[in-house]
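The values are calculated or read from the model by the stated rules, or taken from the named source; none is laboratory data. Bear in mind that the values here come from a model prediction, so they are computed numbers and not experimental data. Here the Cβ positions follow ideal geometry from the backbone for every residue, glycine too, while neighbour counts run over all protein chains shown.
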Amino acid sequence: VSRPGEQSPVAADLGVYVHGIVTGGHDAPNGARVVREGDDLGAIVGDVEADEVAGLEDSARLEETIRKHEAILERALARGPVLPLRFGTILGGDDEVRELLAANRTRFARALDSLRGKTEWGVKAFREPPASAADTEISAGGGSGRAYLERKQSERAVRERIAEESAFIADESHRRLGEQSERSVLLAAQAPAHGREMILNGAYLVRDDDHESFRAALEELAVRHGDLGITYELTGPWPSHNFASLDPE
Amino acid sequence: MSSLDRYRAVPVASPSSANLADILERVLDKGVVIAGDIAISLLDVELLTVKLRLLIASADTAQQMGINWWQSDPFLSSNAKELRQENQELRERLERIEQLLAGNSAEELSRAGNGAGEKGVTAR
């Protein structure tokens, strides 16, 4: 079996990255090749380069390797369903990839079936910090000790009320988006950036046929909660990292 | 104006390129894990060490390995609680893999010796 990526003997020794599993007719995306097993199954693989392994402790190199994995999966996704494997999945060579495919043919086929005609989307909601909290901060300089304490107490009450409201809206948003999706999952909110608090970080597996209604539900939420300083962000289509799973054997 | 047109009046932002934090929360902790039952028995010990290093190359572990670009990422650096939880999960995962490995190739490993395994065994 010829291996087009095999220029360096070192690369051959290090094995192959397996980026994801695809159906049989899938063409190789740019930057990778497909190892096929029978007519129905293939694996998108790339050769491991020595400097990639050595470079794992080099931050920039690691980031590059991670982005490459994602980019290959995204290009593959444009050609059909892809079952993404965890970053860092390496096998000894093409033979081992074929063994992997053969040994798990049914599980892989079933998992790919469950992703066909569906796309993972990410939705984040952000809330601007309330202007009143900042104002209170500035005016907190003077006054009696008692006034100061009262101000602190009311400040805390406002913060708590806003947090409750945010949690309620995040909850409602996730539920509404979930209704338009086949599956959904809440991810941990990322840390605030530019003063905006992330109140929702969700992933949704949406049937391509339902995409319009998913989008409409999202826009309806954005309109409804816009006055509260809440904005929504849609990312995707993503390879189905959050919804790819194998049945137990 | 249909109701849908009205919704369109408030655009939902769609960033043209994904930020690194979004990619990391997907590719490092999600996706199908080919481990233990499937792949490890197929791997050379040397490859296994590479693979384990890749599998655990996540936030806190990465820091221990001296990978520090996480710290300059504003999304990730202040998310200590999430990282602690992730750390715990990774430790458990590594333990499971080690147990599987111990079961599958205890003999090989004992020959490789503690900590000297990286170059110790190349034959299969």
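Assorted remarks:
- Scanning the range A:72-100 for residues that are within 12 Å of chain B (Cβ to nearest Cβ), within 19 Å of A:Leu112 (Cα to Cα) and either among the hydrophobic types (A, V, I, L, M, F, W, C) or more than 13 Å from the chain's Cα centre (by Cα) (or both) yields A:Ile72, A:Leu73, A:Val82, A:Leu83, A:Leu85, A:Phe87, A:Thr89, A:Val97, A:Arg98, A:Glu99, A:Leu100.
- Subset of the range A:215-230 (residues that are surrounded by fewer than 18 Cβ atoms within 10 Å (Cβ to Cβ) and within 16 Å of A:Ser166 (Cα to Cα)): A:Val223, A:Arg224, A:Gly226, A:Asp227, A:Leu228, A:Gly229
- All conditions in (1) at positive phi; (2) touching a residue at least 24 places away in the same chain (Cβ under 8 Å) hold for A:His194, with the sole exception of (2).
- Residue in the range A:81-104 that is modelled with pLDDT of 90 or more, among the aliphatic types (A, V, I, L, M) and not in a helix (DSSP H, G or I) present: yes
- Filtering the range A:77-115 to residues that are touching a His at 6+ places or on another chain (Cβ under 7 Å) and crowded, with 20+ Cβ neighbours inside 10 Å leaves A:Pro84, A:Leu85, A:Phe87.
- Residues of the range A:6-24 that turn out to be within 16 Å of A:Arg75 (Cβ to Cβ) and modelled with pLDDT under 90, as a count: 2
- Qualifying residue in the range A:177-197 (condition: closer than 19 Å to A:Glu128 by Cβ and modelled with pLDDT of 95 or more): no
- Some residue of the range A:30-51 being modelled with pLDDT under 85, within 11 Å of chain B (Cβ to nearest Cβ) and surrounded by fewer than 21 Cβ atoms within 10 Å (Cβ to Cβ): yes
- Complete set of residues in the range A:155-172 that are within 15 Å of A:Leu221 (Cβ to Cβ) and either surrounded by 15 or more Cβ atoms within 10 Å (Cβ to Cβ) or among the polar types (S, T, N, Q) (or both): A:Glu165, A:Ser166, A:Ile169, A:Ala170
- Within the range A:202-233, the set of residues being part of a strand (DSSP E or B), under 26 Å from A:Ala111 (Cβ atoms) and either modelled with pLDDT under 95 or more than 10 Å from chain B (Cβ to nearest Cβ) (or both) comprises A:Gly202, A:Tyr204, A:Leu205, A:Val206, A:Arg207.
- Taken over the range A:216-249, the criterion of being touching a strand residue (DSSP E or B) at 6+ places or on another chain (Cβ under 8 Å) and without any contact (Cβ under 8 Å) to a residue 12 or more places away in the chain is satisfied by A:Ala222 alone.
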